[in-house]
Amino acid sequence: MAQTQPQGIPLDRPQRLTVLASRLSRTIGIARALAQNGRTIDLTGLDDGIGMLCAQTLDLPTQEGRALLPLLADVLQQVNALTAALHEAQTGQAPQAQAGRLPQA
């Protein structure tokens, strides 16, 4: 089923990816909040959603893909924050900075 705008007009591919990135960021943020409060979380399928977002972004024309970089960076920051929250919940210590992460703004 195609996603549509409120007027019933189907979303184009960059718009669908924007919606997907937003939903992933929101889901990851909720998971992080739960982890920070000591709750058990189920991350089944999260990697599939992120993989789909990345693969479909790579399929876009260069300019359209580049326009989505801020959204991809936001998803990456959310994943990094979730990773840190899970590490801290498991060990009681904040993780050390690691190479390969985007610098914090």
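Some values worked out for this structure:
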{"item": "Contour minus Cα-Cα distance for Ala67 and Arg23 (0.36 nm per residue)", "result": "14.1 nm"}
{"item": "Loop-resident sites, region 11-81, for trypsin sites (Lys or Arg not before Pro), counting at most 16 other Cβ within 10 Å (DSSP)", "result": "Arg39"}
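We did not get these values from a lab; they are worked out from the coordinates using the rules stated. As the structure is a computational prediction, the values presented were derived from the model and not from experiment. Because the Cβ atoms are built from the backbone with ideal geometry, glycine has one as well, and the counts that use them run over all protein chains shown.
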